[in-house]
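What follows is one structure encoded as structure tokens, with my remarks underneath.
The values are calculated or read from the model by the stated rules, or taken from the named source; none is laboratory data. These numbers were taken from a predicted model, which means no experiment stands behind them. No Cβ is skipped: glycine too gets one built from the backbone with ideal geometry, and neighbour counts run over all protein chains shown. For accessibility, only protein heavy atoms count, side chains too; no ligands or nucleic acids. Shrake-Rupley method; radii C 1.70, N 1.55, O 1.52, S 1.80 Å.
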Amino acid sequence: MTTTRILVLAGRGRHEDPWHDHAATSHRLALLLAGLDVGGRTADLAVRSTFPDALDDLDDVDLLVVNAGTSWPGLREAGIGPDDEAWAPFHAQLDAWARDGGRILAVHQAANAFGDRPEWEEVLGGRWVPGESMHPPLGATTVPLAVGAHPITEGLAAVDVVDERYCRLRVAPTSQVLGWVTDDDGERHPALWVADGHGGRTVYSALGHDVRAYDSPSHAELLLRSATWLLEG
């Protein structure tokens, strides 16, 4: 039986911070996606931390799951760990693979990842903008979805989850927004979208701050639908 190779990229070093347990949430993502079966192909899944050589074998990957962010305070600015030159091949491999038909499922803090690489915003279809983007306190929330607008959201009206609500993200006009959060003033903000104008396919979900987000059945259903759609194309 053939397999689908899925790589979960978990933030570490310059791509982690004290407020996000990328190891724990990446583990939950891996457990969820391990049962994925697309076209009779079972999942061959691995979790790998963000290091400069993490994507050296990316050509064999069918789906890349990005669960990483930006260090605080910045290890890059402090000169701790591999320098920008050491990271350059990582970013070049990611960008080339993504534009050559690569499939990416990016979650939560991925909108704040790879801030020194502007091409990531195009692949992601948007990003967190320092000094502008924000989130209200974590809590229970309902994320309404665009039912009927896309196979990912067909028949799934909303996600009920305990999570952060990322607001004021910069979203490319070419991205198809499929879900929203509402801030404390009642204003609606994009929190789920599809980007496929760069040569590959990306689904970004702003959900997934900690493991509580993965306790939600509707959130799990959304992630499985997203991964299935990415792999079926």
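Any chance you could count how many residues in the stretch 96-106 are open to solvent by less than 40 Å² (accessible area, probe 1.4 Å) and farther than 15 Å from Thr50 by Cα? Steps first, please.
If we filter the stretch 96-106 for residues that are open to solvent by less than 40 Å² (accessible area, probe 1.4 Å), which is where we start, we get 97-98, 101-102, 104-106.
Those left that are additionally farther than 15 Å from Thr50 by Cα: 97-98, 101-102, 104-105.
Residues that pass the stated criteria total 6.
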Requested in this report: Have a look at Trp87, Trp128 and point out the one that is within 15 Å of the chain's Cα centre (by Cα) and either surrounded by 14 or more Cβ atoms within 10 Å (Cβ to Cβ) or more than 30 Å from Val181 (Cα to Cα) (or both).
Outcome: Trp128
**Report entry** Candidate set from the stretch 195-213 (those that are open to solvent by less than 20 Å² (accessible area, probe 1.4 Å) and touching a Gly at 6+ places or on another chain (Cβ under 7 Å)); member that is nearest to His20 (Cα to Cα)
**Finding:** Tyr204
Query raised in the report: Which condition does Leu31 not pass, out of (1) buried (at least 21 other Cβ atoms within 10 Å of the Cβ); (2) assigned to a helix (DSSP H, G or I); (3) not aromatic (Phe, Trp, Tyr), if it passes all the others?
Result: (1)
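Does Ser205 count as touching a residue at least 40 places away in the same chain (Cβ under 8 Å) and over 13 Å from the mean Cα position of the chain (by Cα)? Quick ask: steps written out before the conclusion?
Details: touching a residue at least 40 places away in the same chain (Cβ under 8 Å): yes; over 13 Å from the mean Cα position of the chain (by Cα): no.
So Ser205 does not fit the description; no.
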Query raised in the report: Any idea how many residues of the stretch 42-65 are in contact (Cβ under 8 Å) with a residue 60 or more places away in the chain and either part of a loop (DSSP other than H, G, I, E, B) or basic (Lys, Arg) (or both)?
Result: 1
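Only one of these is under 28 Å from Glu16 (Cβ atoms), touching a Pro at 6+ places or on another chain (Cβ under 9 Å) and of a type outside the set (D, E, K, R): Ala88, Ala158. Name it. Let's see the steps before the verdict.
Working: Ala158 fails: under 28 Å from Glu16 (Cβ atoms).
Residue meeting the stated conditions: Ala88.
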Query raised in the report: What pairs can you find where one residue is in the stretch 88-114 and within 16 Å of Asp56 (Cβ to Cβ), the other is in a helix (DSSP H, G or I) and open to solvent by less than 10 Å² (accessible area, probe 1.4 Å), and their Cβ atoms are less than 7 Å apart, with a gap of 6+ or different chains?
Result: Gln93/Leu58; Asp95/Val123; Trp97/Leu58; Ala98/Val123
Requested in this report: Return yes when Ala30 is in contact with a His (Cβ under 9 Å, 6 or more places away or on another chain), in contact (Cβ under 8 Å) with a residue 12 or more places away in the chain and closer than 21 Å to Thr202 by Cβ and no when it is not.
Outcome: no
Report summary line: For the stretch 153-194, the count of residues that are under 22 Å from Gly139 (Cβ atoms), open to solvent by 20 Å² or more (accessible area, probe 1.4 Å) and in a strand (DSSP E or B) equals 7
Requested in this report: Determine whether Arg168 is closer than 30 Å to Gln93 by Cα, without any contact (Cβ under 8 Å) to a residue 40 or more places away in the chain and basic (Lys, Arg).
Outcome: yes
Query raised in the report: What is the number of the single condition among (1) of a type outside the set (Val, Ile, Thr); (2) at pLDDT below 95; (3) not in a loop (DSSP other than H, G, I, E, B) that Ala96 does not meet?
Result: (2)
**Report entry** Test for Gly233: is it under 19 Å from Leu7 (Cβ atoms), in contact with a strand residue (DSSP E or B) (Cβ under 8 Å, 6 or more places away or on another chain) and open to solvent by less than 30 Å² (accessible area, probe 1.4 Å)
**Finding:** no
Query raised in the report: Looking at (1) open to solvent by 10 Å² or more (accessible area, probe 1.4 Å); (2) at pLDDT 95 or above, can you tell me which one Gly115 breaks?
Result: (2)
Query raised in the report: Taking the stretch 62-84 as the region of interest, how many residues are at pLDDT 90 or above and more than 16 Å from the chain's Cα centre (by Cα)?
Result: 3
